[in-house]
């Protein structure tokens, strides 16, 4: 990070984000289809989940770009995210949408970002 000039412009955390803080579980084996679940089954490892709005409000510098890939949890995440007072600093939200793209679009329009990128898988 330092050699690329990102040290003062990036926030890196070993956690997931969600509509509320807590703990989730992810498969220990890497896959493009990994999802966070609330149950600890065989082959799962715990991961802390941070409340997305609380996290955004706490970050310095304020993010200008958010990338979301939350595998079907887009609506709850966006409902919580738009409550953040720091969302006004965000120019771009890039999101893979797996469901409810109409509702997500309606939620995002409420805060009028400069750019919204929504991809559907």
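Comparing 89, 38, 99 in a Gaussian network model of the chain (Cα springs below 10 Å), the most mobile by mean-square fluctuation is 38. One decimal place: the segment residue 83-residue 39 gains 13.1 nm when fully extended, by the rule 0.36 nm per residue minus the C-alpha distance. Take every DSSP beta bridge whose two residues both sit in the stretch 2-120, then give the antiparallel share in percent to the nearest 5. The antiparallel fraction comes to roughly 35 percent.
Seen from every direction in turn and averaged, the convex hull around the alpha carbons of the chain projects onto 8.2 nm². Here r is the Cβ-Cβ distance between residue 102 and residue 13 and R0 is 30 Å; the resulting FRET efficiency, rounded to 0.05, is 0.45.
Ordering 95, 44, 13, 78 from the fewest to the most neighbouring beta carbons within 10 Å gives 13, 44, 95, 78.
Read-outs: derived from the displayed coordinates by stated rules, not from any lab. Everything quoted here is computed from the prediction, not taken from an experiment. Every residue, glycine as well, gets a Cβ built from its backbone with ideal geometry; the counts of neighbours run over all protein chains shown.
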